[in-house]
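Worksheet for the structure shown next.
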Amino acid sequence: MSIPAIAVHGGAGKWNVSEDVKKKALTVLRRAVDVAYDILVRGGSSLDAVVEAIAILEDSEIFNAGVGSVLNAVGEVEMDAGLCTSDGVVGAVCCVKYPRNPIKLAREVALKTDHVLLCGSNADKLARALGLDPHPGPSQRVLEKFRELRSRIDSVSYWRKLRDVLPLIERGGTVGAVAVDKQGILAAGASTGGVWLKLPGRVGDSPILGAGFYSSSRAAASATGLGETIVKALATLRVVNYVDHGLSVEEACRKVVGRHSKVFGRGTIGIIAVDYRGTVVAVHNTEYMPVAWRTSEKSFASFKGIQL
């Protein structure tokens, strides 16, 4: 029987927010791992723990996922999410607008369809048909930030390059979770609203197996940062493969984040990972990456993991 463990992240980046928002973010992260850990110690699955943890973060409005999702270039919410387990469950959705919790729709895709990834309006139709809660629409805070960024779009030159505008953004980042349950099954997941003023239809790393999330029988990993770079690197697949070939989860994460910094520059990625023994690690090359985790030995929450 394995020792259960759960870890979550709230997005890697600069986190130019007030101390009050930072405190709220850590409070939500702690609650997410507490709820998920309770599932695990009661004998629940790592899949359910990951989904419930991410759903709490999606509901918080603090992070760029679910209810807190940022808006694309035409003022729409378009969300991505994905999850997998070490025993072969995989499901993801992208460019969805209807569900309050895209991670729950990703689970339905994995468990109730023969597919891996559904996108756009037809994925939204499935969410409605399954009776999932609808998204309430962008908050006033999100709308105000959208108007501010749109008013400066000519000076921002957003996609020339993305990181030039990231310091202007005052919301949290992509969320994710990894877990191992008593049966030794590992799970990983991620959920995001994408990036501010993205082109409609843009898909990042969060719904891509091997990029935003991945798991094997030995480790599970979830990534956050600049999605295009994470997709190009297949970052979580690399982490898990390194563990499968004998590295510790910390060594694997350090190696992948270090390589990412050399190829794509600093300020581009953060990764959380857990192995089958319940060892948890968080590594990032950004200024901050709020994380929390619980194991039988430790409960932890901080705005930084291992910073490279």
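All of the numbers you see were taken from the coordinates with simple rules; none came from a lab. All figures in this text were calculated on a predicted structure; none of them were measured in a lab. Cβ: placed from backbone, ideal geometry, glycine included. Neighbour counts: every protein chain shown.
Residues Glu58, Glu287, Glu19, Glu144, ranked from the fewest to the most other C-beta atoms within 10 Å, line up as Glu19, Glu144, Glu287, Glu58.
Treating only the Cβ of Lys, Arg, Asp and Glu as charged (+1, +1, -1, -1), what charge dipole size does the chain show about its Cα centre? Round to the nearest 20 debye. Walk me through the numbers before you get to the answer.
On the way: 38 positive and 31 negative charges, 136 e Å.
Approximately 660 debye in magnitude.
Considering only Glu297, Glu61, Glu148, the mean-square fluctuation computed in a Gaussian network model of the chain, springs between alpha carbons under 10 angstrom, is largest for Glu297. Charge dipole of segment 1-104 (Cα centre as origin; +1 on each Lys and Arg Cβ, -1 on each Asp and Glu Cβ, all else neutral): 220 debye, rounded to the nearest 20.
For the chain, what is the calculated [θ] at 222 nm in deg cm²/dmol (nearest 500), taking -39500 (n - 2.57) for each run of four or more DSSP H residues and dividing by its residue count? Can you show the working numbers first?
Numbers: 10 runs with 111 residues, N = 308.
My calculation for the chain gives -11000 deg cm²/dmol from helical runs alone.
Using a Gaussian network model of the chain in which every pair of alpha carbons under 10 angstrom is joined by a spring, one finds that among His284, His135, His115 the greatest mean-square fluctuation is at His115. Ala211 sits among other residues whose Cβ lies under 13 Å from its own Cβ, and their net charge, with Lys and Arg +1 and Asp and Glu -1, is -1.
The alpha-carbon of Lys145 sits under 12 angstrom from the alpha-carbons of these aspartates and glutamates, leaving out residues fewer than 8 places away in its chain: Glu170. Less than 5 angstrom separates the built amide H of Ala5 from those of Val180, all sequence-distant by 5 or more or on a different chain. Shown in residue order for segment 285-293 are the 3J(HN,Hα) couplings computed by the Karplus curve 6.51 cos²θ - 1.76 cosθ + 1.60 at θ = phi - 60°: 10, 9, 5, 9, 8, x, 9, 8, 8 Hz (x for Gly and Pro). Considering only Ile54, Ser261, Gly120, the residue lying farthest towards the positive end of the dipole of segment 5-307 is Ser261, judged by Cα position with unit charges set on Cβ. Each distinct pair of alpha carbons in segment 5-307 adds a 1/r term; the inverse of their mean, the Kirkwood radius, is 18.4 Å. The amide H of Ile306, built 1.01 Å from its N in the peptide plane, has Ala282, Val283, His284 as neighbours under 5 Å, considering only residues 5 or more places off or on other chains. Lys/Arg Cβ at +1, Asp/Glu Cβ at -1, dipole of segment 10-58 taken about the Cα centre: which of Gly13, Val41, Leu29 is farthest positive-ward? It is Gly13. Residue order for Phe213, Phe264, Phe300, fewest other beta carbons within 10 angstrom first, comes to Phe300, Phe264, Phe213. Placing dummy labels 7 Å off each Cα toward the beta-carbon, the span from Glu76 to Lys23 is 4.0 nm.
In the structure shown, do any of Lys24/Lys104; Lys14/Lys262; Lys125/Lys232; Lys23/Lys97 have a Cα-Cα gap over 27 Å, and if so which? Walk me through the numbers on the way to the answer.
Values: Lys24/Lys104 23 Å; Lys14/Lys262 19 Å; Lys125/Lys232 30 Å; Lys23/Lys97 29 Å.
Distance filter (> 27 Å) returns Lys125/Lys232; Lys23/Lys97.
Taking amide H as placed 1.01 Å from N in the peptide plane, Cys119 has its amide H under 5 Å from the amide H of Cys94, each at least 5 places away in sequence or on another chain. Counting neighbouring Cβ atoms within 10 Å and putting the fewest first, the residues Val93, Val74, Val203 line up as Val74, Val203, Val93. Listed by number, the DSSP H helices of the chain that run 30 Å or longer by alpha-carbon position along their axis and have mean Kyte hydropathy of at least 0.0 are 19-41. Within the chain, antiparallel bridges make up roughly 90 percent of the DSSP beta bridges whose residues both belong there.
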